[in-house]
């Protein structure tokens, strides 16, 4: 079950656990908008160590404004970057 | 809080121009690709395990070309899963080298 719907504002967790993590450092702590729900998938962070990754977790495509991500971004105002992020990395913003 | 950004997590770091030249594929690179498909197909390795093993390579090894990274990571997983040891693989490589040179 997806907690967030298209257009919801979400913040990426600022946490640095060891191991295989699917969220790049540069996007942690940034706020974006749910672009779409992609479906529920086994957690790759556990599949990476031979576990089954169950239960499946909701995956979202989250859209971030480049100017919010990079302090020195000098491209066009409306530029965005999309990342696919599982729900356990997100909280309401 | 000190953030230890891992070697592979390079988004946003200065990187210079990207080399877009096409280059021929070496036969051993095709073999490695086939091996990955075979290991995954038989349920002996997941793509997530391979990614994890690549990320766990030392920065020196991580700097090596793509398929060298893959082969180093696969060997690490073989050892971890008890399929083959580095010693066994190197012994076999030595035999093949000898045969090719002889």
- Item | Residue that is assigned to a loop (DSSP other than H, G, I, E, B), within 13 Å of another protein chain (Cβ to nearest Cβ) and closer than 23 Å to residue B:80 by Cβ, where the choices are B:11, B:43 | B:43
- Item | the stretch A:43-58, residues that are touching a strand residue (DSSP E or B) at 6+ places or on another chain (Cβ under 9 Å) and farther than 26 Å from residue B:5 by Cβ | A:55, A:56, A:58
- When the stretch A:33-55 is examined, which residues are found to be more than 14 Å from chain B (Cβ to nearest Cβ), closer than 16 Å to residue A:90 by Cα and either touching a residue at least 40 places away in the same chain (Cβ under 8 Å) or part of a loop (DSSP other than H, G, I, E, B) (or both)? A:35, A:38
- Query: Exactly one of (1) surrounded by fewer than 17 Cβ atoms within 10 Å (Cβ to Cβ); (2) out of contact with any helix residue (DSSP H, G or I) (no Cβ under 7 Å at 6 or more places or on another chain) is unmet by residue A:50. Its number?
  - Reply: (2)
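Okay, residues lined up against (1) within 14 Å of another protein chain (Cβ to nearest Cβ); (2) loosely packed, with under 13 Cβ neighbours inside 10 Å; (3) part of a loop (DSSP other than H, G, I, E, B):
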| position | (1), (2), (3) |
| --- | --- |
| B:57 | yes, no, yes |
| B:67 | no, no, no |
| B:73 | yes, no, no |
| B:90 | no, yes, no |
| B:93 | no, yes, no |
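Every number here is computed from the coordinates shown, using simple stated rules; none is lab data. Quantities reported herein were computed from a predicted structural model and do not represent experimental measurements. When we count neighbours, we look across all protein chains shown, and the Cβ atoms used for this are built from the backbone with ideal geometry, even at glycine.
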